[in-house]
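One structure is given here, and the rest of the page talks about it.
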Amino acid sequence: MTRRMSDTDTSSSNSSKETQNNLMTSTLFTFPPSKPYKQLSPLVLAYLGDAVYETYVRQYVISQPNHRPNHLHRESVRYVSNKAQSKVLELWMPQLTEEEVDIVKRGRNAKSGSVPKNADVLEYRHSTAFECLIGYLYYRGSYERLQELMDIAINSIASSSSKPSDENG
């Protein structure tokens, strides 16, 4: 069992270093960011948030009974697509704290330089905001809050598409 950090944050540099050290000793990964998490670019937070959420989704999908590789991939895509993340962010918004809303806005407004082909620009920005918040909460050490929000995501996507699929049987 891992130790969880407190959600309390202070602005002194000593406690910031201590928070980073606690974060890195309470997770599997031991590479702290090069600067305090509050100073990281929203795109850097989204980069990490994408990996954290993808891992969470993969663990969820593997916890289900069907382990055929093609099924695992198709199921994962349902949860990590821009469209799905954008819808979940909309569901989260009324439940977010003021600080979390600020992080979402930073992520949404971040200029990534390009939008993937066949992606809706608004959905892409919202999914970046979604991932930015996940990365922020991860680096902040707010694991309970992170799990609460990711559980909402998993449950809402699972329940919205629990009807049988016509695609490939």
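The values are calculated or read from the model by the stated rules, or taken from the named source; none is laboratory data. Owing to the predicted nature of the structure, the values given are computational and were not obtained by experimental measurement. Here Cβ is always computed from backbone atoms with ideal geometry, including for glycine, and neighbour counts include all displayed protein chains. The area values use the complete protein model at the heavy-atom level, side chains included, leaving out ligands, DNA and RNA. Shrake-Rupley method; radii C 1.70, N 1.55, O 1.52, S 1.80 Å.
Things to note:
- Top-ranked residue of the range 26-56 - restricted to ones that are of a type in the set (Ser, Thr, Tyr) and within 30 Å of LEU72 (Cβ to Cβ), ranked as surrounded by the most Cβ atoms within 10 Å (Cβ to Cβ): TYR53
- Residue in the range 89-99 that is touching a residue at least 12 places away in the same chain (Cβ under 8 Å), farther than 18 Å from ALA51 by Cα and touching a Ser or Thr at 6+ places or on another chain (Cβ under 9 Å) present: yes
- Search result, residues across the range 130-163 that are open to solvent by less than 10 Å² (accessible area, probe 1.4 Å), assigned to a loop (DSSP other than H, G, I, E, B) and touching a helix residue (DSSP H, G or I) at 6+ places or on another chain (Cβ under 7 Å): GLY141
- Number of the condition not met by GLU54 [criteria: (1) under 14 Å from the mean Cα position of the chain (by Cα); (2) not in a helix (DSSP H, G or I)]: (2)
- Selection status of LYS117, part of a loop (DSSP other than H, G, I, E, B), open to solvent by 60 Å² or more (accessible area, probe 1.4 Å) and either under 20 Å from SER41 (Cα atoms) or without any contact (Cβ under 8 Å) to a residue 24 or more places away in the chain (or both): yes
- Single residue of ARG106, ARG74 found to be over 14 Å from PHE130 (Cα atoms), among the basic types (Lys, Arg) and not in a loop (DSSP other than H, G, I, E, B): ARG74
- Close pairs (9 angstrom Cβ cut-off, 6 or more residues apart or separate chains): under 9 Å from VAL88 (Cβ atoms) in the range 145-157, among the hydroxyl-bearing types (Ser, Thr, Tyr) and not in a helix (DSSP H, G or I) anywhere: none
- Top-ranked residue in the range 86-111 [being small (Gly, Ala, Ser) and buried (at least 19 other Cβ atoms within 10 Å of the Cβ); ranked as nearest to ILE154 (Cα to Cα)]: SER86
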